[in-house]
1. Once you've got the GNM for the chain with C-alpha springs shorter than 10 Å, pick whichever of 109, 170, 33 has the biggest mean-square fluctuation.
2. Using a Gaussian network model on the chain with a 10 Å cutoff between Cα atoms, which of 211, 169, 154 fluctuates the most?
3. Taking springs between alpha-carbon atoms closer than 10 angstrom, which of 45, 161, 105 fluctuates most in the Gaussian network model of the chain?
4. Under 19 Å from the 7 Å Cα→Cβ point of residue 21, by amide nitrogen: which residues of the stretch 61-91?
5. How would 20, 179 rank on accessible area, largest to smallest, probe 1.4 Å?
6. So what's the angle, to the nearest 10 degrees on a 0 to 90 scale, between helix 59-69 and the longest Cα principal axis of the chain?
7. With label points built 7 Å along Cα→Cβ from the Cα atoms of residue 142 and residue 130, find their separation and express it in nm.
8. Which of rounded, prolate or oblate describes the stretch 5-121 when judged by the alpha-carbon gyration tensor and an a/c cut-off of 1.5?
Amino acid sequence: MAVRVLLVEDDDGVADALSESLHARGHPVTRVARGSDALTRHRDADLVLLDLGLPDLDGLDVLRKIRQVSEVAVVVLTARDDERSVVRGLRLGADDYLAKPVRLAELLARMDAVVRRAGARTAPAADTVRIEDVEIDLGARRVLVGGVDVGLTTKEFDVLAVLAARPGTAVSRQQLMDEVWGDAYLAVSRSLDVHLTQLRAKLNRPGLLSTIRGFGYRLGG
Ligand code: CA
């Protein structure tokens, strides 16, 4: 199966060699040299190969930011084969790591495994979430309260869907904005409040959507 790879590597020699080898095995590769570009391009990839030593951002910061918004498979490439970077990388959510110079056979062997694991993570757990008499159909993007269809706007539904994906779990404002608007800095914090107010009014089930003061929100539980 072809794996769409985002290669984040500032060294042209390493990048060209890896791109060529992966292309030859049928894997499309997009290469970027800067961490900031990785943050905007990872959405189109099945696997991010992430060098830690980048010119603009620390690779571990790039990893942390990607993990705030995505479950895409990430394999860290490290010239620093010191244990600390590797351990930090894995703790921050890297699926695996490879010390440079990368051996192609080893990379290919690990790619399948990490992409399969990441796929299992992102598969939707349930299409419909039920809390008391509220039924949220994530596939059909429809909400029934007491059997009556509640008309939500696109953004209202998006906000609810993020919360419904983790019922009973507190979700931070930051994460809500990241997931609904793509990146928190694009979202106006005030507009999240507006959507939440509308959502509460339309659901009309006091206590269903709790505010976790200073943190975020929770649906049910
Ligand atoms: Ca580098």
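The values are calculated or read from the model by the stated rules, or taken from the named source; none is laboratory data. Predicted, not measured: the structure shown is a model, and the values here were computed from it. So basically every Cβ, Gly included, is an ideal-geometry build from the backbone, and we count neighbours across all protein chains shown. Areas reflect the complete protein model, heavy atoms only, side chains present, ligands, DNA and RNA absent. Shrake-Rupley method; radii C 1.70, N 1.55, O 1.52, S 1.80 Å.
1. Among 109, 170, 33, the largest GNM mean-square fluctuation belongs to 109.
2. In this elastic network of the chain, the residue with the biggest mean-square fluctuation among 211, 169, 154 is 154.
3. Evaluated over the chain, the most mobile residue of the options is 105.
4. Once the point is set 7 Å along Cα→Cβ of residue 21, 74-81 turn out to lie under 19 Å by backbone N, inside the stretch 61-91.
5. 20, 179
6. Taking Cα atoms only, the helix is inclined about 30 degrees.
7. Distance between the two pseudo-spin positions: 1.6 nm.
8. rounded
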